[in-house]
Amino acid sequence: MTETNGRRPALSGIRICDFTGQLAGAGATKALAMFGAQVIRVEDRLRQGQWDIFRGNGPWMDERRGINLGGTFNNHNVEKMGVTLDMRKPEASDILRELISVSDVVAENFSKGVLDRWGFSYDEMVKIKPDIIYVSNCGFGHIGPYSEYKTWGPIVQAVSGLTFQSGLAGMPPAGWGYSFMDHTGGYHMAIAILMAIYHRNRTGVGQWVDMSCSDGAAALNGPAVLDYTVNGIPTRRPGNPDSNRSIYPRMAPHGIYRCAGEDQWAAVAVRNDDDWAALCETMGLHDLAADDSLNSVEGRIEIHDALDERIEEWTEKRTPMQVMKLLQDKGVPAAAVQHPEDRIEHDPNTRAWGLFPTVEHAEMGRARVDGMAVKLSETPAVIEKGAPTLGQHNSEVYGDILGMSTDTVRELTDEGVI
């Protein structure tokens with residue numbers, strides 16, 4: 001990546017040989033690419049859409065369909081280069097060796113053992129490049145009795161214990177539906193890569209980073225684990241869990257409240273007694289404000305359901321944005337429960353932050369993608385290029401970076417190696 005406004009990107013000079021797919025891996029290398037790392041996305045030429053299911057799947061920009069038009073793939077692979085390589089061909093191993101030899105990091109989120117079967121275990125990579133950093137990110141890592149098991153986002157949520165904590169009191173576990181643990185896995189992987197690079201830069205020594213998405217998810221169980229190990233209290237018990245209310249820390253009122261309009265809601269969190277006084281003033285709940293028994297969180301928790309009914313009598317006469325503004329003006333945490341289209345199209349903070357930038361894709365044209373929720377004053381993220389089309393940078397990577405001749409690249413393409 002070139003300099004932007006005279007500033008060198010934070011990760012300029014870092015090259016990543018990237019086999020990651022979906023989001024648990026691709027999200028990690030996407031973040032690094034946004035900050036200037038040269039991420040070379042290596043894809044299996046013969047399996048195309050079967051390797052990364054997002055390549056040939058929507059959402060779609062328009063009526064067009066095809067291997068290069070999947071909106072989710074574009075979202076997860078912005079600012080990357082893309083090459084094809086069929087690892088079932090003997091010649092591909094030589095090419096991969098060359099690519100590893102000029103890379104700082106090899107990243108993948110295959111099932112356990114895929115690179116070993118290709119002949120590229122960590123030990124073999126070290127022979128190619130002694131200070132290589134190898135980052136593997138699979139569902140259960142390479143250690144333990146589950147290491148051979150296959151996973152997907154909701155599966156990871158279930159085995160980690162998070163699904164069991166979701167839902168409403170007295171109802172079965174609801175789960176989260178979407179693969180949120182892929183995001184967590186991506187964050188862990190990005191941090192791991194940066195730490196390994198920092199260590200290598202200080203010591204000259206690379207390493208293998210073995211990662212388990214399910215264990216990354218399990219780390220989110222903190223309060224529930226503590227409550228059980230310290231107090232012997234299980235997660236599911238009368239009145240719990242209630243995903244709309246916080247018990248760590250204890251708050252009341254705290255919930256999601258119906259607002260004016262069809263399927264319109266607002267979230268309100270009364271953190272302490274000052275918030276309670278401000279809420280009562282804003283909503284005109286003078287009788288509740290005068291009730292001394294409600295001047296503590298314990299008293300309010302006792303009649304939480306009744307308080308919710310009173311609050312909803314006020315919120316259902318107002319829009320979610322009105323509820324948010326009126327309460328926030330008094331310092332009470334509150335937010336409209338926004339539909340995705342509201343957040344993207346109408347939210348003024350989204351526009352001010354630039355949260356969904358537009359990138360230029362070789363076939364899709366201009367398309368919106370997820371942005372970066374952090375802003376660095378000296379080395380900001382750059383999000384301008386869409387995901388690579390299949391093999392888009394074969395000539396540039398194999399020719400300019402690895403030094404192959406045009407004839408060699410053409411011959412290897414004709415032979416189906418690239």
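Worth a mention:
- Condition check for N137: at pLDDT 90 or above, part of a helix (DSSP H, G or I) and crowded, with 18+ Cβ neighbours inside 10 Å: no
- Residues satisfying the stated conditions in the stretch 174-187, i.e. surrounded by 17 or more Cβ atoms within 10 Å (Cβ to Cβ) and in contact (Cβ under 8 Å) with a residue 60 or more places away in the chain: S179, M181, D182, G185, G186
- Of all the residues in the stretch 140-160, those that are at pLDDT 85 or above and on the phi > 0 side of the Ramachandran plot number 1.
- Reported count of residues in the stretch 69-121, each being assigned to a helix (DSSP H, G or I) and over 27 Å from S179 (Cα atoms), is 15.
- Of all residues in the stretch 19-36, those that are in contact (Cβ under 8 Å) with a residue 60 or more places away in the chain and outside any helix (DSSP H, G or I) have Cβ atoms under 6 Å from Cβ atoms of residues that are among the hydroxyl-bearing types (S, T, Y) and crowded, with 24+ Cβ neighbours inside 10 Å, 6 or more apart or on another chain, in T20/T29.
- Some residue of the stretch 387-399 being free of Cβ contacts under 8 Å to residues at least 24 places away in the same chain and more than 25 Å from the chain's Cα centre (by Cα): yes
- Options G365, G354; residue that is within 30 Å of A31 (Cβ to Cβ), in contact (Cβ under 8 Å) with a residue 24 or more places away in the chain and of a type outside the set (A, V, I, L, M): G365
- Being in contact with a helix residue (DSSP H, G or I) (Cβ under 7 Å, 6 or more places away or on another chain), among the small types (G, A, S), free of Cβ contacts under 8 Å to residues at least 60 places away in the same chain and assigned by TED's automatic domain parsing to the domain that holds G56 is a property that holds for G119.
- Of all residues in the stretch 196-235, those being in a loop (DSSP other than H, G, I, E, B) and exposed (fewer than 14 other Cβ atoms within 10 Å of the Cβ) number 5.
- Close pairs (7 angstrom Cβ cut-off, 6 or more residues apart or separate chains): touching a residue at least 12 places away in the same chain (Cβ under 8 Å) in the stretch 189-208, in a loop (DSSP other than H, G, I, E, B) and of a type in the set (D, E) anywhere: I197/D104; R200/D131; G204/D131; V205/D131; G206/D131
The values are calculated or read from the model by the stated rules, or taken from the named source; none is laboratory data. Being a predicted model, the structure only gives us computed values, none of them experimental. Don't worry about glycine lacking a Cβ; one is built from the backbone with ideal geometry, like all the others, and counts go over all protein chains shown.
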